[in-house]
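Student: This is the structure I have questions about; it appears just below.
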Amino acid sequence: MSYEFILTRTEGRVGIVQLNRPKALNALNKGLMSELVEALTAFDADNEIGCMLITGNERAFAAGADIKEMATATPVTMLASSFLNYWAQIGQLGKPLIAAISGFALGGGCELAMACDMIVASESAKFGQPEINLGIIPGAGGTQRMTLAVGKALAMEMILNGRYLSAEEAAQFGLVNRVVPVETYFEDALSLAAEVAERAPVALRMAKEAINAVFEMPLQAGLNHERRLFNILFSTEDQKEGMDAFINKRKASWKGH
Ligand code: CAA
């Protein structure tokens, strides 16, 4: 499948999408977001893929939603377009999704990173929600996910006053998993994705679902949900295989059912 705004490929069991509008710092227009959702949805449904990886380039992961495309929008055109739903669709994917980020991750680009499950950042990564400078606020999850990630005080400073976080700060405040050299950030993220991709597929989906339930449910409902998912996994062949492999001191061979 060939796309206009993204590049896709696979490495073993990892499905990779590279955002590919380098001249516009990977600004997220409707065409790019639609292609991104299409490609990730296809990887999500592909049994040969265990984990997905999104990246940009060294200078920019994505500098936000495409301001030139949005400039003449009205509330009615924004409502009618499914633009902001693309971020929601990415947040709803079942398989693990990792972001490999270098350079700018701003506005909708930062929101895209936060819709992923893990973030590997290069030392040059910069995270920000600078929408206030355009007379708007984040619209694809930034006020919610940033606040959940870094806490109210810092989220207020970032969203009300356009403060960026360096990669080091992002790690310190729990927004990213690790900070690595610019030269190796993609390979480092790919190694992480490749490791995750080899794990039991159904358990991976359920683990992701259970963790995300933290952000949606009160504690007791989340604990009950976790317990149901835990119990369901005892109906999979992979649970029998994983425990048999442990007992017999051999490597498990996952079937994904
Ligand atoms: N939309 C459209 N085009 C963008 C863009 C964006 N978000 N960000 C950068 N570009 C374009 C620039 O217009 C420029 O194009 P031209 O060469 O045709 O002029 C090109 O990318 C390179 O950008 P700069 O010349 O500005 O590069 P710089 O190094 O001087 O600055 C930057 C880099 C600080 C990231 C700056 O480009 C910038 O501030 N970009 C906008 C960041 C922003 O406000 N993002 C939020 C968007 S709104 C949003 O995302 C809403 C939401 O929640 C969904």
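Student: What does the highest-first list of 55-63, 226-234, 164-172, 28-36 look like by mean Cβ count within 10 Å?
Tutor: 55-63, 28-36, 164-172, 226-234
Student: Please compute the contact order of segment 15-123 in relative form: average sequence separation of alpha-carbon pairs under 8 Å and at least six residues apart, divided by the residue count, as a percent.
Tutor: Answer for segment 15-123 is 33 percent.
Student: Among all the lysines, which ones have a C-alpha under 16 Å from K23's C-alpha, if same-chain residues fewer than 8 places away are not counted?
Tutor: Qualifying lysines at Cα under 16 Å: K68.
Student: With an 8 Å Cα cut-off and a minimum separation of 6 or more residues, compute the relative contact order for the chain in percent. Please list the in-between numbers first.
Tutor: Details: 460 pairs, mean separation 42.5, N = 257.
Dividing the mean separation by the residue count of the chain yields 17 percent.
Student: Further question: Which aspartates and glutamates does K30 reach when only Cα atoms under 14 Å apart count, and residues fewer than 8 places away in its own chain are ignored?
Tutor: Result set, ordered by chain and number: E4, E38, D66, E69.
Student: What's the magnitude of the charge dipole for the chain around its Cα centre, counting Lys and Arg as +1 and Asp and Glu as -1 at the beta-carbon? Answer in Debye, nearest 20.
Tutor: In total the dipole reaches around 320 debye.
Student: Out of all DSSP beta bridges with both ends in the chain, state the antiparallel percent to the nearest 5. Don't skip to the end; give the middle numbers.
Tutor: On the way: 8 of 30 bridges.
If we restrict to bridges inside the chain, about 25 percent are antiparallel.
Student: Rank the residues I247, I136 as a footprinting-exposure proxy: fewest other Cβ atoms within 10 Å of their Cβ go first. Each step should come with its number before you reach the end.
Tutor: On the way: I247 8, I136 12.
By the 10 Å Cβ count, ascending: I247, I136.
Student: Just check segment 24-131 against the gyration tensor rule for me: Cα atoms, a ≥ b ≥ c as the square roots of the eigenvalues, rounded for a/c under 1.5, and otherwise prolate or oblate depending on whether a/b exceeds b/c.
Tutor: Judged from the Cα gyration tensor, segment 24-131 comes out oblate (a/c at least 1.5, b/c at or above a/b).
Student: Show me 125-133, 73-81 ranked by packing, highest mean number of other Cβ atoms within 10 Å first.
Tutor: The densest-packed peptide leads the list: 125-133, 73-81.
Student: If the reach is capped at under 17 angstrom between alpha carbons, list the lysines near K208, excluding any in the same chain fewer than eight residues apart.
Tutor: Leaving aside lysines fewer than 8 places away in the same chain, those within reach of K208 are K95.
Student: If you project the alpha carbons of the chain onto the principal axes, what extent comes out on each, in Å, largest first?
Tutor: 61, 43, 38
Student: Counting helices only, and only those DSSP H runs with n ≥ 4, report the 222 nm mean residue ellipticity of the chain as the sum of -39,500 (n - 2.57) divided by its residues, in deg cm²/dmol to the nearest 500.
Tutor: Dividing the helical sum by the residues of the chain leaves -13000 deg cm²/dmol.
Student: Okay, next question. Please state the shape class of segment 87-233: rounded when a/c is under 1.5, otherwise prolate if a/b exceeds b/c and oblate if not, all from the C-alpha gyration tensor.
Tutor: Cα axes put segment 87-233 in the oblate bin.
Student: Rounded, prolate or oblate, given the Cα gyration tensor of segment 174-213, with a/c below 1.5 counting as rounded?
Tutor: Numbers: a/c = 5.19, a/b = 1.65, b/c = 3.14.
Oblate is the answer for segment 174-213, as a/c is 1.5 or above yet b/c matches or exceeds a/b.
Readers should treat all values here as calculations from the given coordinates under stated rules, not as data from a laboratory. In this text, all values refer to a predicted model and were calculated from it rather than measured experimentally. Ideal geometry is used to build each Cβ from the backbone, glycine not excepted, and the neighbour counts take in all protein chains shown.
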